[in-house]
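Encoded as structure tokens, the structure appears first; notes follow it.
The values are calculated or read from the model by the stated rules, or taken from the named source; none is laboratory data. Treat the numbers as computed from the prediction; the structure is a model and nothing was measured. Cβ coordinates were reconstructed from backbone atoms using ideal geometry, including for glycine residues, and neighbour counts include every protein chain displayed.
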Ligand SMILES: *Cc1c(COP(=O)(O)O)cnc(C)c1O
């Protein structure tokens, strides 16, 4: 049985009629830039996420860039960012002229290791950008403590974590800004590029709103330099159809994650990561050895409400991850490595100094071990059975 890594049609095509109506409404309105559809979408997002201000943007990447620009971060500034993330987190920092300082991650939750982050703060550090990778929140108490102690801004990269929660609070609502993405592979997948920037701070919201539109206020008068970071009206209208169903998408992914965890734990050599080892690399390594672990399953921390943008397993042993990937693809099962290179290993960041790139061993190891398997909401039980059977075959 073929199981694609993601099937956007399974989610979108049943909504065809409503999407076409939404498109027709924008078409006949003749308004294609901003307007009531965008405003309505922003209000719905603000409500969904429990924040004061939500700004629809051209992409998740642009939302991150806009946040950095609105905070006045630029040349000479350093921004702390996990090295194990999608490129946009680090790229947006470099694009506004600041220096990304890469920090290692935790082998259990895959998120920034705040203890190692503390060692990388200098007099030039202006902000920290935690990334809620694969849909699970970072340790936000530790991030906040670090930020408050050193007077840093916090920009949450929530591209993979819309609706995800930490101790009952939405990811994206705990920093100065939260940035989300509606790229089709994200949990609220759009019809092209789109993003969202949220904040609870009125002044930052004003600045970001102005900079989203070239820094123009009033029209044709520019006291600051912004860009064009607007979301298309048609994108907002289409996304509104899907945001109504957002809870069911999350529920589907959470059910699928539970299914995998239950089924895969029956297989020999499969263990589930233990939050007791969060940021404790040596104790985890010992525990994996003691248990003869071959595959480590991801785990939801008790205080988190993850949305499972990815279900990412670790395949231990040299070359084993690539062997499992080849094996699954031969069975017609989609899978992907997020991410094969860490940010400190990227050629384009070779210009940064040793301080920016040192001490990232856990992330380097993860880049060789991680494999994400299909987790999208519309997967059938038979499809998940096929994934589990193929992994079982590999382990046999
Ligand atoms: C997808 C993603 C982004 C960028 O979002 P786009 O909408 O594709 O620009 C940023 N950060 C992370 C962690 C992502 O996964």
Select from region 107-127 the residues that are within 18 Å of the chain's Cα centre (by Cα) and either assigned by TED's automatic domain parsing to the domain that holds residue 272 or away from the ligand (no atom under 16 Å from the Cβ) (or both) and list them in ascending order. 107, 108, 113, 114
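Just wondering, is there one or more residues in region 280-295 that are within 22 Å of residue 161 (Cβ to Cβ) and either modelled with pLDDT of 95 or more or in contact with a helix residue (DSSP H, G or I) (Cβ under 9 Å, 6 or more places away or on another chain) (or both)? Working first, answer last.
Of the residues in region 280-295, the ones within 22 Å of residue 161 (Cβ to Cβ) are none.
No, region 280-295 has no match at all.
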Restricted to region 30-45 and to residues being surrounded by fewer than 18 Cβ atoms within 10 Å (Cβ to Cβ) and touching a residue at least 60 places away in the same chain (Cβ under 8 Å), the residue farthest from residue 175 (Cα to Cα) is 31
Step by step: first the residues of region 130-163, then only those that are within 16 Å of the ligand (Cβ to nearest atom) and surrounded by fewer than 24 Cβ atoms within 10 Å (Cβ to Cβ), then the one that is farthest from residue 57 (Cα to Cα). Which residue is that? 134
Kindly indicate whether any position in region 192-211 is without any contact (Cβ under 8 Å) to a residue 60 or more places away in the chain, within 15 Å of the ligand (Cβ to nearest atom) and either under 20 Å from the mean Cα position of the chain (by Cα) or under 12 Å from residue 66 (Cβ atoms) (or both). yes
Could you please give the count of residues in region 212-228 that are closer than 19 Å to residue 53 by Cβ and either in contact (Cβ under 8 Å) with a residue 40 or more places away in the chain or not assigned by TED's automatic domain parsing to the domain that holds residue 61 (or both)? 3
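Tell me which residues, restricted to region 164-189, are in contact with a strand residue (DSSP E or B) (Cβ under 9 Å, 6 or more places away or on another chain), away from the ligand (no atom under 15 Å from the Cβ) and closer than 17 Å to residue 46 by Cβ. Give the steps one after another, and end with the answer.
In the first step, residues of region 164-189 are kept if they are in contact with a strand residue (DSSP E or B) (Cβ under 9 Å, 6 or more places away or on another chain); the result is 164-168, 170-183, 186, 188.
Those still in the list that are away from the ligand (no atom under 15 Å from the Cβ) too: 165-168, 170, 173-174, 176.
Within region 164-189, 165, 170, 173, 174, 176 qualify.
In region 95-106, how many are buried (at least 19 other Cβ atoms within 10 Å of the Cβ) and either within 15 Å of the ligand (Cβ to nearest atom) or over 17 Å from residue 340 (Cα atoms) (or both)?
Here is the first cut: in region 95-106, the ones buried (at least 19 other Cβ atoms within 10 Å of the Cβ) are 96, 98-106.
Narrowing further to those that are either within 15 Å of the ligand (Cβ to nearest atom) or over 17 Å from residue 340 (Cα atoms) (or both): 96, 98-103, 105.
Of the residues in region 95-106, 8 are buried (at least 19 other Cβ atoms within 10 Å of the Cβ) and either within 15 Å of the ligand (Cβ to nearest atom) or over 17 Å from residue 340 (Cα atoms) (or both).
Is at least one residue of region 271-280 under 18 Å from the mean Cα position of the chain (by Cα) and crowded, with 21+ Cβ neighbours inside 10 Å? First the steps, then the outcome.
From region 271-280, those under 18 Å from the mean Cα position of the chain (by Cα) are none; that's our starting set.
No; the residues of region 271-280 include none that is under 18 Å from the mean Cα position of the chain (by Cα) and crowded, with 21+ Cβ neighbours inside 10 Å.
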Which ones in region 204-244 are over 30 Å from residue 10 (Cβ atoms) and part of a helix (DSSP H, G or I)? 204, 205, 206, 207, 208, 209, 210, 211, 212
Among (1) without any contact (Cβ under 8 Å) to a residue 60 or more places away in the chain; (2) over 17 Å from residue 122 (Cβ atoms), the one test that residue 54 misses: (1)
Hits in region 113-146 (condition: in contact with a strand residue (DSSP E or B) (Cβ under 7 Å, 6 or more places away or on another chain) and at positive phi): 134
Pairs under 7 Å by beta carbon, first residue under 16 Å from residue 108 (Cβ atoms) in region 123-150, partner in a helix (DSSP H, G or I) and within 15 Å of the ligand (Cβ to nearest atom), six or more apart or different chains? 131/89
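Give the residues of region 262-288 that are farther than 21 Å from residue 392 by Cβ and either within 16 Å of the ligand (Cβ to nearest atom) or touching a residue at least 24 places away in the same chain (Cβ under 8 Å) (or both), sorted by residue number.
Keep residues of region 262-288 that are farther than 21 Å from residue 392 by Cβ, which gives 274-287.
Scanning region 262-288 gives 274, 275, 277, 278, 279, 281, 284.
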